[in-house]
């Protein structure tokens, strides 16, 4: 059939090869060439080429649209540009002029299957924490701690790879191919935001999309105890937010930033991987630096932050002793430092901080830590009894003179009893928090510990 559909503006960037061949004046075909695609749409295709092809040159293109299915169409060269790539000197744009109805339908299906906006916007995000895209399944949703398989056709490796790679620009694609891992934030056309992790599993490219709520709210609205808002009003010091993966640490830090933005003035410098919640300057000037795009490491950014004179420093995740020591130094010099760490409770968090450092440094670090630490907020998310989302349970450690002594001596076994005795200053055990949530009718008894 003759293909005369109006050119569609949106084109899908692809990372695959096609085969093209010139159509000679006698109707025969020149030697076929295999070249990488730049982008593809229903109206045409652009590809990279070593040779310059004449404008209006008729060509035939063959492209794989599934692991075992290809289509062919005829087109005409409508533009040729310098690519800036080594060897592949040109970008050739071709309009589709002739395609069989069956192949056109296959092309439409292929483009729909690799449209990440259509995939994500088709999912009901109520109670969804994560969306897993894996080979052999439709999207798999993690809802309230359980896995639910969404409706739809399973992804094969060819479709899933093209779907995911179409989300990456040249710079991000290069970084992913080098590291085999990549994290970034993605927004759909409907405004849903996700923190995305690309990775390789058994040679297959797969991804996890963590849903980012649009509304943050102050710490009290998240379910954090009142003492947390008092702690973050300190002009200086260090506050640790601990928890397992998926426990809401990033959301808590973002809520703290939003709270400070409304309650005080100053410079707030955030070092994040990636930037999930975008803050608007109100009373504060908020600078959000993304790992990989704006800085090369948490340590490098934290070290240079001391030269940028922030009032508040947010380090998205504490991973090594260099960054930890820099955070302590910043707190000692009058900066309020907020950071997160992977640990189940306050004792584990403090032990992990200590383990960052070699043995001969630990005593000195613990002394400094005892002087700057203001509190440790440990948290976990628990499914609500009404199945309407998750509720936050917290352990809150407030640094008192007794806690400072425990930190200096690394006597972590004393912390549970000190938490019990510190209720008057706002301390709370995780067990106490869970029992309160149960008493309020928010969670099932199965989440309670026997301890109180």
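Rule-based calculations on the coordinates, nothing more; no lab input. Just so we're clear, the structure is a prediction, and the values are computed from it rather than from any experiment. When we count neighbours, we look across all protein chains shown, and the Cβ atoms used for this are built from the backbone with ideal geometry, even at glycine.
Brief remarks on what is shown
- Here is the P(r) of region 12-110: all C-alpha pair distances, binned every 5 Å from 0, give 3, 13, 26, 28, 18, 10, 3, 0 in whole percents.
- Relative contact order for region 116-212, counting Cα pairs under 8 Å that sit 6 or more residues apart, in percent: 27 percent
- Three-way shape label, region 241-347, alpha-carbon gyration tensor, a/c 1.5: rounded
- Mean separation of Cα contacts under 8 Å (6+ apart) over length of region 12-110, as relative contact order %: 25 percent
- Gain on full stretching of the segment that runs from residue 333 to residue 297 - 0.36 nm per residue minus C-alpha separation: 10.8 nm
- Degrees separating the helix 170-179 axis from the principal Cα axis of the chain, which is the longest one: 60 degrees
- Pairwise centroid distance, computed over Cα atoms, of region 154-194 with region 406-452, Å: 41 Å
- Computing FRET efficiency as 1/(1 + (r/R0)^6) for residue 108 and residue 320, where r is the C-beta to C-beta distance and R0 is 41 Å, gives about 0.25.
- Pairwise centroid distance, computed over Cα atoms, of region 58-101 with region 222-255, Å: 53 Å
- Between helix 321-332 and the chain: long-axis angle, C-alpha atoms, 0 to 90°, nearest 10: 50 degrees
- FRET efficiency for residue 190 and residue 220, using Cβ-Cβ distance with R0 set to 22 Å, rounded to 0.05: 0.15
- Where only DSSP H runs of four or more residues are counted, the chain gives -8500 deg cm²/dmol as its mean residue ellipticity at 222 nm, each run worth -39500 (n - 2.57).
- FRET efficiency estimate (nearest 0.05) - Cβ-Cβ, residue 283 to residue 425, R0 22 angstrom: 0.20
- Volume of the convex hull of region 362-452 (Cα atoms only), normalised per residue: 104 Å³.
- Label point at residue 385 placed 7 Å out along Cα→Cβ; residues across region 139-174 whose backbone nitrogen lies under 19 Å: 144-145
- Cα centroid separation, region 264-282 to region 29-49 (Å): 43 Å
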